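Structure record follows, encoded as C-alpha cells.
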Amino acid sequence: MNGANRPESHDHVRPAHHPQEVIESRKSLRIALLGTRGIPAAYGGFETFAEELSSRLVERGHSVTVYARRSFFKPQPVLEYRGVEVRFLPTVMHKYLETPLHALICFLDLFRRRFDVVLLCNAANSPFAFLVRLRGLHLAINVDGIERLRTKWNSFGRAWYRLGEWCSVKFADRIVADAQVIQEYYRERFSAPSTVIAYGATVVRRDPGEALKKFGLIQRQYILYVSRLEPENNALGVIQAYNCLSSEIKSKVPLVIVGDAPYAKSYHKELHQEAGNGVIFTGFQFGSNYQELQSNCLIYVQATEVGGTHPALVEAMAYANCVVANGTPENLEVLGDAGLTYPKNDFLILSQLLLELINCSEEQRETLRRKARQRAEVKYSWSGVTIQYEELFYQLRAFS
C-alpha cells in the first residue's frame with residue numbers, strides 16, 4: 001500500500017508479535033462502519049453484514065457506530081440497535097448519487113468524532129476515502145465484488161467503480177476481499193495484497209407458519225430464489241428455466257422470487273411479463289419471514305454472476321438447503337461439492353437440474369442438504385468472521 005506509516009498487508013490475519021503491542025492493542029476499540037444503507041438490515045447482503053458484525057463486536061466489548069442513510073429508513077429511524085449506535089446522515093435517493101454522496105458526508109462527519117478504526121464497505125465509496133487518511137484514522141475497505149461489471153451501470157457508473165478500485169488500493173491500510181477470486185483480481189490487476197474474510201450465516205429455523213401461508217406455499221414444495229432484482233443476478237434466466245418445466249410440475253412446485261431493487265423498474269416489468277403460472281414475487285423479506293422461507297424450501301437457486309461471496313448463498317447452505325448455483329468461479333468457491341452447478345448462464349441446463357432434483361429421491365436431496373450445512377458450519381460462521389475482523393482491527397491499531 002501507499003503511505004510510509006501503513007502496515008504491510010498480508011493474505012491472512014495474524015496477531016501482533018511484540019508483547020507491548022499485544023497489551024496495547026487488546027483495549028476496547030472505537031469502530032466506525034460506513035458504506036451500507038444501515039441497520040437493522042432491510043436491503044441486501046452488506047446491510048446484513050453490517051448488522052451481524054457490528055452487534056457481535058459490541059458483544060466483544062467494542063464501541064461500534066454504523067452510519068446509515070436517513071432517507072432509506074422511514075418513518076422512524078432507530079438510533080441504537082443491538083447495542084450499536086446508528087448514525088443517520090442524509091443523501092439523495094438517486095441511482096448514481098445515493099452511495100457516493102452519503103459516503104462523502106460520512107467521511108466529513110468523522111472529523112467531528114473519535115474512532116480508532118474505520119471499516120468501509122464497497123469500493124464505490126473509496127474515491128473520497130482520502131478524507132479518512134487526512135483524519136489520521138486506520139482504514140480497512142471491504143471492496144465487495146467487481147461491481148463495474150454489472151450491466152445496470154452506464155459508462156459513468158463503470159468508470160466510477162474503476163476509480164473506486166484504484167482508490168481502495170491507494171487509501172486503504174488493508175483491503176478485505178470476501179473470496180479468493182476477488183483477492184486474485186486485486187493481486188493481478190493492482191499487485192495489491194489483501195486479506196480474505198468471507199461472510200457468515202445465522203440460522204434460525206422456523207416451521208411452516210405465517211410466511212408460507214401468506215404466499216400459499218407448502219413445506220418442501222417450492223423453489224426459492226433470493227437476490228436483488230437486477231439483470232446480472234439473472235432472475236429472468238431462472239424464470240425462463242422454470243417456464244420450461246411441465247404445467248403439472250409448476251402447479252405443484254412454485255418458484256418463489258424474493259427480492260427487489262429500487263432503481264430497476266423496467267427490469268421488474270420484464271420479469272413480470274416473462275413470469276407464467278407458478279411464479280410468486282414476494283418483494284424483500286427479512287427477519288422471521290425470510291427465515292421461514294429459507295427453512296422450508298425444496299430447492300434453492302443461486303443465479304448471480306457478479307460479486308464475491310454472496311450472503312444469500314451462504315445462508316441457503318447454512319439452512320441445509322438443496323442448492324443449485326450458477327457456475328461462476330465465486331459460486332464454485334463457496335459451494336464446493338455441497339450442491340449442484342450449471343455452466344455459467346446456461347439456463348437450459350438449470351431447467352434440467354431443477355427437474356432432476358424434483359424427481360430424485362428424498363435421500364439424494366438429503367445428502368446434498370447435509371453437505372451444504374456442514375460446509376457452511378466449517379467455513380461461514382459469523383463468530384469466526386467477527387474474530388477475523390477484530391484481529392485485523394487490532395493489527396491496524398497496533399501501528400498507530
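Inside the range 211-228, can you point out the residues that are charged (D, E, K, R) and farther than 23 Å from S351 by Cα? K213, K214, listed by residue number. Screening the range 319-334 for residues that are surrounded by 24 or more Cβ atoms within 10 Å (Cβ to Cβ) and in contact with a Ser or Thr (Cβ under 8 Å, 6 or more places away or on another chain) and picking the one that is nearest to Q180 (Cα to Cα) gives E330. Meeting the requirement of 1 or more residues that are in contact with a Ser or Thr (Cβ under 8 Å, 6 or more places away or on another chain), the helices (runs of 4 or more DSSP H) wholly within the range 111-197 are 155-171, 180-190. In this structure, Y186 does satisfy being of a type in the set (S, T, Y), free of Cβ contacts under 8 Å to residues at least 60 places away in the same chain and under 30 Å from I175 (Cα atoms). In the range 86-113, the residues that are more than 27 Å from L29 (Cα to Cα) form Cβ pairs under 7 Å with partners that are surrounded by fewer than 19 Cβ atoms within 10 Å (Cβ to Cβ) and polar (S, T, N, Q), at six or more places apart or across chains, as follows: T91/S71; M93/S71.
For the range 21-30, does any single residue satisfy the condition of being in contact with a Phe, Trp or Tyr (Cβ under 8 Å, 6 or more places away or on another chain), at pLDDT 95 or above and among the basic types (K, R)? Looking through the range 21-30, at least one residue is in contact with a Phe, Trp or Tyr (Cβ under 8 Å, 6 or more places away or on another chain), at pLDDT 95 or above and among the basic types (K, R).
Applying the set (1) closer than 28 Å to M317 by Cβ; (2) at pLDDT 95 or above; (3) out of contact with any strand residue (DSSP E or B) (no Cβ under 8 Å at 6 or more places or on another chain) to A198 leaves exactly one unmet item: (2). Filter the range 362-400 down to residues that are of a type in the set (A, V, I, L, M, F, W, C) and closer than 20 Å to I175 by Cβ and give me whichever is modelled with the lowest pLDDT. Among them, the one singled out is F399.
Reported count of residues in the range 314-344, each being under 14 Å from I223 (Cα atoms) and either touching a His at 6+ places or on another chain (Cβ under 8 Å) or part of a helix (DSSP H, G or I) (or both), is 1. Condition first: of a type outside the set (K, R) and either free of Cβ contacts under 8 Å to residues at least 60 places away in the same chain or outside the structural domain of L57 (by TED's automatic domain parsing) (or both). Can you find one or more residues in the range 144-154 that meet it? Yes, the range 144-154 contains at least one residue that is of a type outside the set (K, R) and either free of Cβ contacts under 8 Å to residues at least 60 places away in the same chain or outside the structural domain of L57 (by TED's automatic domain parsing) (or both). Taken as a whole, the condition of being hydroxyl-bearing (S, T, Y) and in a loop (DSSP other than H, G, I, E, B) applies to T91.
When A235, A172 are screened for being outside the structural domain of T309 (by TED's automatic domain parsing) and either buried (at least 20 other Cβ atoms within 10 Å of the Cβ) or in contact with a Lys or Arg (Cβ under 6 Å, 6 or more places away or on another chain) (or both), only A172 passes.
The values are calculated or read from the model by the stated rules, or taken from the named source; none is laboratory data. Being a predicted model, the structure only gives us computed values, none of them experimental. Cβ sites come from the backbone with ideal geometry, for glycine too, and all protein chains shown count toward neighbours.
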